[in-house]
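Values in this text are rule-based calculations from the coordinates and carry no lab data. Model, not experiment: these values are computed from the prediction. Heads up, the Cβs are rebuilt from the backbone with ideal geometry, glycines too, and the neighbour counts pull from every protein chain shown.
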Amino acid sequence: MSTEHNALRALVGVTFALALGACGDELAPAWEIRAFRLFGAKIENLTRQAADPGVAEAAPGEQVRLTLSYVDPAPAARPLNVTWVFCAEATVMGTTFGCTSRGVSVLSGATVTYEVPRLDFAVDPSNRPRIQAVALACAGGTVVLDPATRQPRCTGEGSESWVMTRSLLVRTDETVRPNHNPTIDRVSFIRSGLTTADAVTVGTDTPLRVPRCTADPCPEHTLDVSVAAGSREIQPTFDLQGNRVMTQERLQFGFFTDKGTMENAFRVDSVAIPDGPIRNRWMAPREAGTVRFLFTAQDTRGGFDVVERTVVVE
């Protein structure tokens, strides 16, 4: 472990600020890809992968892989340095959380492998054991320990950073089926003025061609995201009286683009329409070119998926 990691580990053993927040452009709409940005992290249980693919939880002693989903639209490629801090034993102190020395792990990389330790874990409001992870990603710079603030930061001319927290549910018993990552299996495009019957799949082989905006206001097209069967699992939760019950998961979907205008960044499926459709409206830009889209799906227990698509505006 490097000297910098030893310093971070020692610091986090006392306290680590949750209030670091994202260092991106907070004035941009949530759906707009304008600068370097993180969108989430996928957790995959490597120990159970062969027997049960897609598991997003882990028991003590099992290994998980965390993979960051990010975009860096900088004109020239630049290195990405990521420091992960895993806090297994935590106590809340105002806007910060403290970790015991044996509950802290520090890893580096956009993709890391982490082994769940065998100890007493912090729990969430539903009394479920979980490990809190913080990823500090630095594009075009390096992660260093600021001696003035005693916090890690991204440094380097022109560098950009983003901080993200991620929770890993720990399986201290096997009384319920483990949670799995949802799978986005289709993105459809419905041109303005047409119906669902005219939907076209946005694939990865041949880019879909869309007319640029030439009217005022711009025509509104529809994007429809669907997930594979089984993505919405049955989960344990509590009713208003505090009784343990089993309910179907709800999924939150993210819609992001670098050109044009999106109606909203996030959509959540509902009890009334549990399987969708999950739709969002998008207006094409007035300039021709390639448009980049990212679509995410996340459940309340940590399952996550992301797909990327492009269309050609002409």
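Taking K and R as +1 and D and E as -1, what net charge do the other residues with C-beta under 9 Å from the C-beta of P285 add up to? Let's see the in-between values first.
Values: positive: R212, K259, R286; negative: E287.
With Lys, Arg at +1 and Asp, Glu at -1, the neighbours total +2.
Between P117, P178, P60, find the one with the highest GNM mean-square fluctuation for the chain; connect C-alpha pairs within less than 10 Å.
So, out of P117, P178, P60, the one fluctuating most is P60.
I'd like the FRET efficiency for D275 and S101, computed as 1/(1 + (r/R0)^6) with the beta carbon distance as r and R0 of 35 Å, rounded to 0.05.
Numbers: r = 46 Å, r/R0 = 1.32.
Computed FRET efficiency for D275 and S101 comes out at 0.15.
What value does the chain have for Rg/Rh, both radii from Cα atoms and Rh as Kirkwood defines it? Numbers along the way, then the final one.
Working: Rg = 21.0 Å, Rh = 21.2 Å.
Radius of gyration relative to Kirkwood radius: 0.99.
Between the helical axis of 3-12 and the dominant principal axis of the chain, each derived from Cα atoms, what acute angle in degrees is found, rounded to the nearest 10?
It works out to around 80 degrees.
With springs connecting C-alpha atoms under 10 Å apart, model the chain as a Gaussian network and identify which of T206, T222, T247 has the largest mean-square fluctuation.
In the Gaussian network model the winner is T206.
Measuring from centroid to centroid over Cα atoms, what is the spacing of the stretch 277-303 and the stretch 120-170 in Å?
26 Å
Arrange the peptides 153-163, 75-85 so that the one whose residues have, on average, the most other Cβ atoms within 10 Å appears first. It would help to have the intermediate numbers written out before the result.
Numbers: 153-163: 17.6, 75-85: 15.7.
The densest-packed peptide leads the list: 153-163, 75-85.
As a test of the formula, what do you get for the chain when each DSSP H run with n ≥ 4 contributes -39,500 (n - 2.57) and the sum is divided by the residue count, at 222 nm and rounded to the nearest 500 deg cm²/dmol? Numbers along the way, then the final one.
Working: 1 runs with 10 residues, N = 314.
That comes out to -1000 deg cm²/dmol.
Taking only Cα atoms and a 10 Å spring cutoff, compute GNM fluctuations for the chain and point out the largest among A51, A88, A135.
Sorting by GNM fluctuation, first place goes to A51.
What list of ³J(HN,Hα) couplings, whole Hz, do you get for the stretch 37-42 from phi and the Karplus terms 6.51, -1.76, 1.60, once you set θ to phi - 60° and write x for glycine and proline?
7, 9, 10, x, 8, 8
What does the charge count near H180 come to, summing +1 for each Lys or Arg and -1 for each Asp or Glu among other residues with Cβ under 12 Å from its Cβ? Before the final figure, lay out each step's value.
Values: positive: K42, R48, R177, R232, R301; negative: E44, D52, E57, E233, E249, D299, D305.
Summing Lys/Arg as +1 and Asp/Glu as -1 gives -2.
Order 66-73, 232-239 from most to least packed using the mean count of other Cβ atoms within 10 Å. All intermediate terms of the calculation are to be shown ahead of the outcome.
Numbers: 66-73: 18.4, 232-239: 14.4.
Top to bottom by mean Cβ count within 10 Å: 66-73, 232-239.
How much length is gained on full extension from V176 to A77, taking 0.36 nm per residue of separation minus their Cα-Cα distance?
Values: separation 99, 0.36 × 99 = 35.64 nm, distance 4.45 nm.
Once the chain is fully extended between V176 and A77, it gains 31.2 nm.
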